Amino acid sequence: MASINPPLNLARILCLHGGGVNATVFRMQCRRFLNGPLSSHFRLVFVDGPFLCSAHPAIERVYGDYGPFYRWLRWQDEHDEVHAHEAAGMILSQCKAAMDSDPGTGDWVGVLGFSQGAKIAASLLLLQERMAKVVDGSYSLPELGANVSLPELGANVSFRFGVLMAGSAPLVDLDPTGTLGSTPRHVATADGLSMAFADWPESNEGEHAIGIPTLHVHGLQDPGIDRHRKLMTLYCKTGTAKLAEWDGDHRIPIKTPDVDLVVSKVLDLARRTGVLYD
C-alpha cells in the first residue's frame, strides 16, 4: 500500500491499479497527475489488489524490479479460483485496510482506477448505490453531491465521483455476503474478469447502471475501447458520465496536453459534485 504525501486534511481519492501491477508502480504511472493541480486539492491513496500474480508483460519490461504484483480479478487458469462472495469480501477488505492505514483526515470523496482497477472502482460505486437502496428502502438517481455512503469501507465513506481510465464493462457484484439480493442482471460476479460475458443490457436504465457521476478516460487506440464505451454508455445513467479522449493505447496518459485535459475534467467533476468550489 502506498500514498503520496500532501497535507493530511485534503479530500481523499482511493486509487486502484490494473491487473499485474501494484500500488507503488501505479503511483509512478500517475506521476504526471500527482505533480500538478490534483495534488493541490486531493490526497491520492494507492492500494494493492488482494491477489498475487505475475507482472503484466508491459509492466515487467519497465517495472519488473518493483514486485510483488497483484490483481483484483481472476483471468488466467493459473490464478487460484475463489468463490465470488469471498473474492468480493477480499477486495473490500483490501481497500478498507489501505483507507484505515492512511493518516489523512479528509473525506473520502472519489475513487480512481485504471483498467481492471477502473472496473472495480465503478463496481464500488454500484455497491454504494445498492446499499443505499437497502438502507433507505428505495433508490433513485441522487442529486449531484448527494450523501450516499458505503459503510463496508468505513462509517463515513461516501464516494461522490469516479474516474475510470480504460475501464471495461461489465461491472461486477461486490456484495460480500449476498444480503443485497441476487446479482443484478447485466452485472458479472467477482470470481473472474468476465471476458466471455454476454448478458449485455440494451440501455442504461436499471439496477446495473450507476448514478454517481463519473469521468471516463479513453485511449482511442486502445484495443479494448469497445468495452470501455459500453461501460460509459450502458452502465452509467443518463447525464452522469463525462468523457476525456486521447490518442493513445492501453496506458495512462503522460504527455502534457493529454494530462491537462484529464486533470481539467477531474476538477470540473469535483466542482459539479460539490467537492470543490471556485
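The values are calculated or read from the model by the stated rules, or taken from the named source; none is laboratory data. Please read all numbers here as calculations on a predicted model, not as lab measurements. We place every Cβ from the backbone using ideal geometry, glycine too, and count neighbours over all the protein chains shown.
From the list F114, F46, exactly one residue is touching a Lys or Arg at 6+ places or on another chain (Cβ under 6 Å) and buried (at least 19 other Cβ atoms within 10 Å of the Cβ). Which is it?
Only one candidate passes the filter, namely F46.
Kindly list the number of the only condition in (1) touching a helix residue (DSSP H, G or I) at 6+ places or on another chain (Cβ under 9 Å); (2) within 22 Å of K242 (Cα to Cα); (3) charged (D, E, K, R); (4) at pLDDT below 90 that fails for R160.
Failed condition: (4).
Within the stretch 174-191, which residues are on the phi < 0 side of the Ramachandran plot, in contact (Cβ under 8 Å) with a residue 24 or more places away in the chain and among the small types (G, A, S)?
A190
Say we look at the stretch 13-32 and pick out the residues that are over 24 Å from P257 (Cα atoms) and crowded, with 24+ Cβ neighbours inside 10 Å; which of these is nearest to the chain's Cα centre (by Cα)?
The qualifying residue nearest to the chain's Cα centre (by Cα) is L14.
Do you know which of the residues in the stretch 176-198 that are at pLDDT 90 or above and touching a Pro at 6+ places or on another chain (Cβ under 8 Å) is nearest to E81 (Cα to Cα)?
For the stretch 176-198, the residue satisfying everything is A188.
Residue-by-condition table, conditions (1) modelled with pLDDT of 85 or more; (2) in contact with a strand residue (DSSP E or B) (Cβ under 8 Å, 6 or more places away or on another chain); (3) farther than 20 Å from T179 by Cβ:
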position: D65; (1), (2), (3): yes, no, yes
position: D77; (1), (2), (3): no, no, yes
position: G89; (1), (2), (3): yes, no, no
position: K96; (1), (2), (3): yes, no, no
position: T105; (1), (2), (3): yes, no, yes
position: R130; (1), (2), (3): yes, no, no
position: K133; (1), (2), (3): no, no, no
position: G154; (1), (2), (3): no, yes, no
position: M165; (1), (2), (3): yes, yes, yes
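Please find, among H56, H83, the residue that is closer than 20 Å to H228 by Cα and not aliphatic (A, V, I, L, M).
H56
Taking only pairs six or more apart or across chains, which ones have beta-carbon atoms under 8 Å, a first residue in the stretch 230-248 that is under 13 Å from A166 (Cα atoms), and a second residue that is modelled with pLDDT under 95 and surrounded by fewer than 14 Cβ atoms within 10 Å (Cβ to Cβ)?
As it stands, the answer is none, since no pair meets every condition given.
For K242, which of the numbered conditions (1) in a loop (DSSP other than H, G, I, E, B); (2) under 20 Å from L125 (Cα atoms); (3) touching a strand residue (DSSP E or B) at 6+ places or on another chain (Cβ under 8 Å); (4) modelled with pLDDT of 95 or more fails to hold?
Tallying (1) in a loop (DSSP other than H, G, I, E, B); (2) under 20 Å from L125 (Cα atoms); (3) touching a strand residue (DSSP E or B) at 6+ places or on another chain (Cβ under 8 Å); (4) modelled with pLDDT of 95 or more, K242 fails exactly one: (1).
So, in the stretch 49-84, how many residues would count as being loosely packed, with under 14 Cβ neighbours inside 10 Å and either under 26 Å from F197 (Cα atoms) or of a type in the set (D, E, K, R) (or both)?
Result for the stretch 49-84: 9.
Looking only at strands (runs of 3 or more DSSP E) that fall completely inside the stretch 1-120, which ones have 1 or more residues that are among the aromatic types (F, W, Y) and touching a residue at least 60 places away in the same chain (Cβ under 8 Å)?
The qualifying strands (runs of 3 or more DSSP E) are 42-47, 108-114.
Being more than 19 Å from the chain's Cα centre (by Cα) and either of a type in the set (K, R) or more than 25 Å from M195 (Cβ to Cβ) (or both) narrows it down to one residue among K242, K255; which is it?
Of K242, K255, the one residue that is more than 19 Å from the chain's Cα centre (by Cα) and either of a type in the set (K, R) or more than 25 Å from M195 (Cβ to Cβ) (or both) is K255.
Among (1) under 21 Å from M131 (Cα atoms); (2) in contact with a Gly (Cβ under 7 Å, 6 or more places away or on another chain), which single condition is A166 missing?
Among (1) under 21 Å from M131 (Cα atoms); (2) in contact with a Gly (Cβ under 7 Å, 6 or more places away or on another chain), the lone unmet condition for A166 is (1).
Regarding V217, is this residue part of a helix (DSSP H, G or I) and within 22 Å of G110 (Cα to Cα)?
When the stated conditions are applied, V217 does not pass them.
Taking interchain pairs and intrachain pairs at least six residues apart, which have beta carbon atoms under 8 angstrom, with the first residue in the stretch 151-173 and in a strand (DSSP E or B) and the second of a type in the set (F, W, Y) and at pLDDT 95 or above?
Listed pairs, sorted by first residue: M165/F114.
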